[in-house]
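Here the structure comes first, spelled out in structure tokens, and everything after it is commentary.
None of the figures in this text is laboratory data; all of them are computed from the coordinates on show. Predicted model only: the values in this text are computed from it and were never measured. For neighbour counting, all protein chains shown are included, and Cβ atoms are generated from backbone atoms with ideal geometry for every residue, glycine included.
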């Protein structure tokens with residue numbers, strides 16, 4: 001089923017229609033969508049490919065923790081929306097991280113035998129009696145005001161991978177991350193500024209009228225907030241994060257010719273801003 005869905009999503013027209021359908025179902029029956037996601041998309045049924053990605057993500061956390069003198073031993077790590085990449089917390093436990101907090105809006109944590117086997121492959125000591133260890137892992141949620149249900153300055157390291165671009169009220173979300181992070185500790189965030197619905201290699205999605213963009217895709221998981229790099233950079237600094245590093249990537253398609261196709265975008269965005277497709281931010285709360 002997973003491979004079939006992945007093949008469908010490579011067909012652009014089908015992906016657009018599926019996003020419209022997802023938005024409509026979530027509007028009329030959120031419970032139905034939960035059933036669909038659990039039974040069809042089955043995001044917690046991760047595989048060897050996701051383990052490799054999770055190991056890479058763990059390597060990022062370890063790399064920048066070492067580089068900026070952050071001791072992960074007995075640290076409390078907070079991850080935002082892991083989606084199907086559920087291996088990170090097992091890799092972190094191997095380094096004796098004390099507590100793993102995870103914020104998610106759907107259930108990624110039901111264990112099938114396949115999940116159990118993969119976790120045991122990563123870290124035989126991760127599970128307790130083939131169940132998630134509640135002493136190590138705590139699943140969090142937002143309250144009605146979009147506050148994260150965790151105490152102020154209680155987290156040592158905050159991590160996310162391709163999440164920020166999907167959050168609707170992104171300033172509120174970053175405010176909350178700043179609130180829960182301890183001073184002088186770090187946040188590591190990869191942000192993907194590309195289109196996730198139509199064509200990742202084109203910029204025209206930025207011109208799509210906001211009214212119709214929201215009407216068709218507001219609740220779809222692939223919908224992005226269409227914020228660009230300079231927005232995040234400036235807001236992090238405004239809050240009081242020190243930007244330790246930014247590692248940006250530009251798409252070959254985002255050439256001068258591609259940008260000049262949409263002169264109206266140059267009235268809203270700086271040309272350099274339009275060129276950047278992804279960025280890894282390493283931040284320190286000061």
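Can you tell me how much longer the chain between residue 230 and residue 31 gets when fully stretched, taken as 0.36 nm per residue apart minus their C-alpha distance, in nm with one decimal?
67.9 nm
For residue 113 and residue 63 in one chain, what is 0.36 nm times their gap in residues minus the Cα-Cα distance, to one decimal in nm?
Value of the extension gain: 14.8 nm.
How far apart, in nanometres, would the label points at residue 55 and residue 20 be if each is projected 7 angstrom from Cα along the Cα-to-Cβ direction?
Reported label-point gap for residue 55 and residue 20 is 4.2 nm.
Just subtract the alpha-carbon distance of residue 47 and residue 280 from 0.36 nm times their residue separation and send over the number in nm, one decimal.
81.4 nm
Highest mean first, what order results for 211-220, 79-88, 175-184 on Cβ atoms within 10 Å?
Highest to lowest by the protection proxy: 79-88, 175-184, 211-220.
Return the single residue from 135, 195, 73 with maximal mean-square fluctuation; model: Gaussian network over the chain, springs between Cα atoms under 10 Å.
Looking only at 135, 195, 73, the biggest GNM fluctuation is shown by 135.
Arrange the following residues from fewest to most other Cβ atoms within 10 Å of their Cβ: 185, 35.
Details: 185 19, 35 11.
Lowest to highest Cβ neighbour count: 35, 185.
Can you compute the modelled spin-label distance between residue 259 and residue 141, with each label point 7 Å from Cα toward Cβ, in nm?
Spacing of the two 7 Å Cα→Cβ label points: 4.4 nm.
Of all DSSP beta bridges located in the chain, what percent are antiparallel, nearest 5?
Taking every DSSP beta bridge within the chain, about 50 percent pair in antiparallel fashion.
Using alpha carbon centroids, what distance separates the range 102-140 and the range 156-190, in Å?
Here the two parts' Cα centres lie 23 Å apart.
Mind putting together the pair-distance distribution for the range 153-244? All Cα pairs, 10 Å bins, whole percent per bin, short to long.
15, 46, 27, 12, 0
For a protection proxy built on the mean count of beta-carbon atoms within 10 angstrom, sort 118-124, 90-96, 247-253 highest first, please.
Per-residue mean Cβ counts within 10 Å order the peptides as 90-96, 118-124, 247-253.
Where does the chain land at 222 nm, in deg cm²/dmol rounded to the nearest 500, when only DSSP H runs of n ≥ 4 count, each adding -39500 (n - 2.57), divided by all residues? Before the final figure, lay out each step's value.
Details: 11 runs with 109 residues, N = 286.
Dividing the helical sum by the residues of the chain leaves -11000 deg cm²/dmol.
With a 10 Å Cβ neighbour count serving as the proxy for reagent exposure, in which order, fewest first, do 167, 276, 116, 11 appear?
Arranged by neighbour count, lowest to highest, 167, 276, 116, 11 become 11, 116, 167, 276.
Got a sec? How would 155, 190, 246 order by Cβ neighbour count within 10 Å, fewest to most?
With the sparsest Cβ surroundings first, the list reads 246, 190, 155.
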